[in-house]
Protein chains: 2
Amino acid sequence: MTEGRSRRPGPRIEEVARVAGVSKSTVSRVINGEKYVSERSRQAVHRAIALLGYSPSHAARTLAGSRANAIALVISEQGSRVLADPFFAQVLRGVHAELAGRHVQLLLMMNRPHDGEDQVAYLTGGHVDGALVVSLHGDDPLPRTLHETGLPIVVGGRPLAGGAVPFVDADNFNGALGAVRFLISLGREKIATIAGPLDMAVGMDRLSGWRCGLAEHGMAVELVVHSDFTPDSGALAMEELLRRAPDLDAVFVAADIMALGALRVLQESGRRIPDDVAVVGFDDSVLAATAVPPLTTVRQDVEGFGRTLTWRLLAELAGEEKLPQSMLLPTSLVRRASA
Amino acid sequence: MTEGRSRRPGPRIEEVARVAGVSKSTVSRVINGEKYVSERSRQAVHRAIALLGYSPSHAARTLAGSRANAIALVISEQGSRVLADPFFAQVLRGVHAELAGRHVQLLLMMNRPHDGEDQVAYLTGGHVDGALVVSLHGDDPLPRTLHETGLPIVVGGRPLAGGAVPFVDADNFNGALGAVRFLISLGREKIATIAGPLDMAVGMDRLSGWRCGLAEHGMAVELVVHSDFTPDSGALAMEELLRRAPDLDAVFVAADIMALGALRVLQESGRRIPDDVAVVGFDDSVLAATAVPPLTTVRQDVEGFGRTLTWRLLAELAGEEKLPQSMLLPTSLVRRASA
DNA sequence: CCTGCATCTGGGAGCGCTCCCAGAACCGCC
DNA sequence: GGCGGTTCTGGGAGCGCTCCCAGATGCAGG
């Protein structure tokens with residue numbers, strides 16, 4: 001029994017090579033999808049792999065090769081709180097789906113506020129081939145810093161301090177614009193908005209959409225209150241709006257989670273929804289359908305967002321040419337009872 | 001310029017050894033926290049690591065060593081839908097927090113319904129040292145299968161088909177019991193429950209707690225309707241309860257997300273909450289605080305749940321003795337307006 | 001015929017670590 | 001003084017791959 005130390009079970013690349021009747025170089029070529037392999041060899045290798053149930057050692061591939069075979073998903077702790085948990089889980093599902101079948105591992109990095117340097121060092125230290133950066137807060141310099149070191153990255157959500165960093169985002173502007181046009185088509189004439197924070201692109205873009213929608217029809221764009229993506233701040237914002245304009249007949253709220261608070265305040269003030277005041281939210285989160293009344297909102301495909309992010313990064317890693325610098329994903333209005 | 005092919009940047013273990021004035025064997029011992037290293041050497045190595053900014057290659061460690069330096073987090077796709085997204089994201093945060101600082105990577109596996117075999121093959125193929133299995137549905141054989149192959153695993157949430165598999169769970173029974181006792185202390189006399197599905201331990205345990213609470217005071221335990229952790233099914237269940245017992249004065253709902261639906265039905269029926277009917281939920285999810293009225297509920301520390309899961313697995317991997325086979329985490333009642 | 005180029009193949013060095021082994025140094029004990 | 005033990009150390013094989021190189025083959029053109 002020359003057993004040696006305990007090792008991973010299962011066949012090695014050499015066994016596959018022997019069974020397929022080729023060299024391990026050729027097996028390696030097939031696994032990595034290189035050209036210059038005859039169809040005969042390719043088939044033989046695939047058969048041998050299936051027969052033996054071979055699965056290559058990630059560690060060995062990474063050590064021997066010039067790639068890390070891994071990408072990072074970087075989530076800023078503050079940010080993930082702002083955009084709430086369901087969002088994040090769905091993004092993750094999308095990322096995971098897009099990675100399926102490829103030999104690429106996903107590393108999660110949830111950064112605490114202070115460990116920015118360690119993180120940059122780790123990311124640029126060759127442990128990953130690229131990074132997905134999501135839920136950035138304000139003008140976080142992380143994407144630019146990483147991009148300047150040459151690490152391929154894609155940012156989820158338009159970064160404010162972005163420079164030329166590629167990003168993927170929902171089309172917040174047109175989503176908001178569509179919501180306002182819809183409210184106008186309903187005959188609403190005094191349309192307010194509870195906007196997100198001004199230090200995030202998602203807040204600014206939805207606000208711009210609202211503004212444009214009103215401007216198209218020559219309506220006043222004054223009824224704005226900023227809020228911070230929490231139900232309580234949404235409630236406070238609604239109170240202020242009612243003080244300033246007791247006769248408003250519609251509100252576009254830049255996030256479902258704030259709309260919840262707004263709904264409560266409107267109802268407590270005795271107004272009927274949508275008869276007296278129509279409410280449109282944004283995100284179509286799980287909260288929207290269960291709100292009372294169910295919330296009309298602008299839907300974005302969060303899982304698709306995660307998939308697109310990942311696709312874009314992988315394409316860049318694969319050396320694809322002519323990739324779009326950035327991408328905006330479509331949104332759609334979901335009509336429920338609140339408007 | 002003997003540059004060779006492009007490789008990971010940064011120092012190697014040999015540089016650290018040279019700077020510290022020891023051999024690379026000793027550096028390796030320090031990194032892995034082995035004994036039989038003099039204090040002098042240990043300090044020297046730590047200084048050298050800090051000076052050079054050394055970070056060991058995960059791939060090389062894994063390839064050379066007898067461990068994979070990675071654990072898997074397995075989430076069944078159906079299950080994560082059942083228990084809703086926020087739960088999952090919080091668990092993940094806890095897992096991540098517990099892993100911080102250790103040289104262990106986290107692999108996410110979200111299994112589609114059909115790829116059970118591949119998954120087992122991968123997990124037992126030496127790619128990971130152990131697995132965390134969460135949000136199991138019904139009598140999924142996965143934990144037992146894995147456990148029987150000898151792979152260290154910990155299940156999150158008591159598995160029904162568990163056998164002797166270690167698990168961590170919230171103390172659902174006592175949480176429910178406490179909720180019912182609280183309702184009784186309020187003077188409620190006809191306390192119904194909307195229970196979870198019977199094929200999940202979380203559903204059964206919360207139901208048992210409710211039963212015991214009533215039995216303690218000799219109250220009838222008949223007003224049960226089962227539901228499936230969605231708001232709509234919660235609403236339907238509430239309707240049925242009201243039909244069967246229009247004079248009920250309290251409901252214990254086994255999940256906040258179902259309580260949302262129940263709240264709506266109660267209000268539509270003209271009942272005041274909590275004056276006519278008191279409602280207590282379970283989970284203290286983000287939904288609870290924003291409900292109308294804010295929901296009194298049983299809180300479980302989901303992030304702590306993730307941390308405990310991970311801690312238990314790592315302890316087992318470290319070869320610790322006398323580990324508890326399973327653990328129940330405390331719950332606490334959060335009093336808001338609904339009861 | 002030889003030469004060039006594209007296609008295909010195998011051999012083998014070596015990625016950066018861990019872990020086994022052999023041995024040095026030091027202790028107290030007979 | 002020798003001897004067994006414990007503590008500490010360095011050397012070096014080798015984990016399972018990738019990728020470079022050298023070479024074999026086939027086929028067109030000079």
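The values are calculated or read from the model by the stated rules, or taken from the named source; none is laboratory data. As the structure is a prediction and not an experimental result, all values here were calculated from the model. Cβ: placed from backbone, ideal geometry, glycine included. Neighbour counts: every protein chain shown.
Checking each residue of the range A:94-102 against the condition of being over 21 Å from B:His96 (Cα atoms), within 14 Å of chain B (Cβ to nearest Cβ) and in a helix (DSSP H, G or I) gives at least one match. I'd like the full set of residues that are more than 13 Å from chain B (Cβ to nearest Cβ) and in a helix (DSSP H, G or I), limited to the range A:234-257. Within the range A:234-257, A:Leu236, A:Ala237, A:Met238, A:Glu239, A:Glu240, A:Leu241, A:Leu242, A:Arg243, A:Arg244 qualify. Name the residues in the range A:196-233 that are of a type outside the set (D, E, K, R), closer than 28 Å to A:Glu268 by Cα, under 28 Å from the mean Cα position of the chain (by Cα) and in a helix (DSSP H, G or I), would you? A:Gly203, A:Leu207, A:Trp210, A:Pro231, A:Ser233 - these are the residues of the range A:196-233 that are of a type outside the set (D, E, K, R), closer than 28 Å to A:Glu268 by Cα, under 28 Å from the mean Cα position of the chain (by Cα) and in a helix (DSSP H, G or I).
Taken over the range B:285-301, the criterion of being among the aliphatic types (A, V, I, L, M) and at pLDDT 90 or above is satisfied by B:Leu295, B:Val298. The set of residues in the range A:126-175 being among the polar types (S, T, N, Q) and farther than 21 Å from A:Gly196 by Cβ consists of A:Thr145, A:Thr149. I'd like to check something: does the range A:258-274 contain any residue that is crowded, with 24+ Cβ neighbours inside 10 Å and more than 13 Å from chain B (Cβ to nearest Cβ)? Within the range A:258-274, not a single residue is crowded, with 24+ Cβ neighbours inside 10 Å and more than 13 Å from chain B (Cβ to nearest Cβ). Of all residues in the range B:309-335, exactly one satisfies the criterion of being basic (Lys, Arg), over 23 Å from B:Phe88 (Cβ atoms) and modelled with pLDDT of 95 or more, namely B:Arg335. Put simply, of A:His58, A:His46 the only residue that is within 16 Å of DNA strand C (Cβ to nearest atom) and touching a residue at least 40 places away in the same chain (Cβ under 8 Å) is A:His58. Just need a number here: residues in the range B:154-187 that are surrounded by fewer than 22 Cβ atoms within 10 Å (Cβ to Cβ), closer than 15 Å to B:Gly203 by Cα and out of contact with any Lys or Arg (no Cβ under 9 Å at 6 or more places or on another chain). Of the residues in the range B:154-187, 4 are surrounded by fewer than 22 Cβ atoms within 10 Å (Cβ to Cβ), closer than 15 Å to B:Gly203 by Cα and out of contact with any Lys or Arg (no Cβ under 9 Å at 6 or more places or on another chain).
Within the range A:16-62, restricting attention to residues that are within 14 Å of chain B (Cβ to nearest Cβ), within 10 Å of DNA strand D (Cβ to nearest atom) and in a helix (DSSP H, G or I), the residue that is farthest from B:Gly125 (Cα to Cα) is A:Thr62. Is it true that A:Thr193 is part of a helix (DSSP H, G or I) and surrounded by 18 or more Cβ atoms within 10 Å (Cβ to Cβ)? No.
Assess whether B:Gly4 counts as being within 12 Å of DNA strand C (Cβ to nearest atom), out of contact with any Gly (no Cβ under 7 Å at 6 or more places or on another chain), under 21 Å from A:Arg61 (Cα atoms) and at pLDDT below 90. Criteria met by B:Gly4. Within the range B:287-306, the residues that satisfy the criterion of being buried (at least 21 other Cβ atoms within 10 Å of the Cβ) and over 17 Å from B:Ser135 (Cβ atoms) are B:Leu287, B:Ala288, B:Thr290, B:Ala291, B:Leu295, B:Thr296, B:Thr297, B:Val298. A count restricted to the range A:200-242 and to residues that are of a type in the set (Val, Ile, Thr) and crowded, with 22+ Cβ neighbours inside 10 Å stands at 1. Just one of (1) surrounded by fewer than 18 Cβ atoms within 10 Å (Cβ to Cβ); (2) under 30 Å from A:Pro143 (Cβ atoms) fails for A:Asp284. It is (1).
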